[in-house]
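To start, the structure itself, in structure tokens.
Readers should treat all values here as calculations from the given coordinates under stated rules, not as data from a laboratory. Remember, predicted model here, so these are calculated numbers, not experimental data. Every residue, glycine among them, receives a Cβ derived from its backbone with ideal geometry; neighbour counts consider all protein chains shown.
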Amino acid sequence: MNYLPTVFLRKAADDVRLLPSHLSLVMAIFYFRDDNTPGAPTRISRSKLMRFSRIRSIVTYHKCLKELISFGYINYVPSYHPTNASLIWLLNETE
């Protein structure tokens, strides 16, 4: 079953904390998913997410990432390695 961002969009529609930068970052995560299984991690680099989401500032990127984690939308495990991608899980995909 292919997962569409419907669950996220339903939840985000009622969340006044989310800004356009948060939404564009999550849409970039959806775009780069290679496994559509709910709960599967996405391997991605900061540069690809920033380029696709049109976030130009590293500070804004990290602020959005941190807030999406604290709001319960994603889980993030950084790689700290220049050639290994970080892992991002989209949470609550089956609600």
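Taking the Cα centre of region 6-90 as the origin, how large is its charge dipole in debye, to the nearest 20, when only Lys and Arg (+1) and Asp and Glu (-1) carry charge on their Cβ atoms? Each step should come with its number before you reach the end.
Numbers: 12 positive and 5 negative charges, 59 e Å.
Dipole about the Cα centre, nearest 20: 280 debye.
Pick from Val26, Val59, Val16: which residue has the top mean-square fluctuation in a GNM of the chain where Cα pairs under 10 Å get a spring?
Val16
Exposed loop trypsin sites (Lys or Arg not before Pro) only (DSSP loop, at most 12 other Cβ atoms within 10 Å): please give the longest stretch of the chain free of them, not including the sites.
Working: sites that count: Arg17, Arg54, Arg56.
Longest run free of exposed loop sites: 57-95.
Taking the Cβ of Leu19 as the centre, find all other residues whose Cβ is under 11 Å away and add up their charges (Lys, Arg: +1; Asp, Glu: -1). Each step should come with its number before you reach the end.
Values: positive: Arg17, Lys63; negative: Asp15, Glu67.
Around Leu19, the charge tally is 0.
Between Ala13, Ala28, Ala40, where does the largest GNM mean-square fluctuation fall for the chain, given springs only between Cα atoms within less than 10 Å?
Ala13
Among the chymotrypsin sites (Phe, Trp or Tyr not before Pro) in region 13-82, which ones are in a DSSP loop with at most 12 other Cβ atoms within 10 Å of the Cβ? Mind listing them? Mind showing how you got there, number by number?
Numbers: sites: Phe30, Tyr31, Phe32, Phe52, Tyr61, Phe71, Tyr73, Tyr76, Tyr80; in loops: Phe71, Tyr73, Tyr80.
In loop regions of region 13-82 (DSSP not H, G, I, E or B), the sparsely surrounded chymotrypsin sites (Phe, Trp or Tyr not before Pro) are Tyr80.
When only C-alpha pairs under 8 Å and at least 6 residues apart count, what is the relative contact order of the chain, in percent? Could the numbers behind the result be given before it?
Numbers: 97 pairs, mean separation 28.9, N = 95.
Reported as a whole number, the value is 30 percent.
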